[in-house]
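See structure below.
Every number in this text was worked out from the coordinates using simple rules, so none of it is lab data. No experiment lies behind these values; they were computed from the predicted model shown. Cβ coordinates were reconstructed from backbone atoms using ideal geometry, including for glycine residues, and neighbour counts include every protein chain displayed.
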Amino acid sequence: MGLDDKINNAATNHAGAAKEGVGKLTGNERLEREGQHDQAQAKVQEAGEKVKDAARDIGHNLKEAAEKVKESFRKE
């Protein structure tokens, strides 16, 4: 996950928490729900970025393992 993505997700999450809090304080259910939605959206985006990072890491590890196997056959 890039730094920009982390910053954007954190900003969306904090803005959502603020909206939710203001909505609760003022009795504005729509604003409260918007805040909850924003927070959920930030969490989903963060989870998606983590999955993408994990998939990239797995691909990198598989490539390294394949190179090691390939090298072991060359030595024999």
message: Which of K50, K19, K63 ends up with the largest GNM mean-square fluctuation for the chain, with Cα atoms connected below 10 Å?
response: K63
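Evaluate the charge dipole of the range 1-44 about its Cα centre and quote only its size in Debye, nearest 20, assuming +1 on the Cβ of each Lys and Arg and -1 on the Cβ of each Asp and Glu. Walk me through the intermediate numbers first.
Working: 6 positive and 7 negative charges, 18 e Å.
Taking the Cα centre of the range 1-44 as origin, the dipole is about 80 debye.
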- request: Tell me what the chain gives for mean residue ellipticity at 222 nm when only DSSP H runs of n ≥ 4 count, each as -39,500 (n - 2.57), the sum divided by the residue total, rounded to 500 deg cm²/dmol.
  value: -34000 deg cm²/dmol
Residue-by-residue Karplus 3J(HN,Hα) for the range 4-20, coefficients 6.51, -1.76, 1.60, Hz, glycine and proline x: 4, 5, 4, 5, 4, 5, 5, 5, 4, 5, 5, 5, x, 5, 5, 4, 4
- request: Return the label of the correct value of Kirkwood radius over Cα pairs in Å, as calculated from the structure shown, out of (i) 14.6; (ii) 19.1; (iii) 15.0.
  value: (iii)
query: Hey, what do the phi angles of the range 53-59 turn into as Karplus ³J(HN,Hα) couplings, whole Hz, using 6.51/-1.76/1.60 and θ = phi - 60°, x for Gly and Pro?
result: 4, 5, 5, 4, 5, 4, x
message: Taking θ = phi - 60°, what integer Hz values does the Karplus form 6.51 cos²θ - 1.76 cosθ + 1.60 yield along the range 44-50, in sequence order, with x for Gly and Pro?
response: 5, 5, 5, 4, x, 5, 5
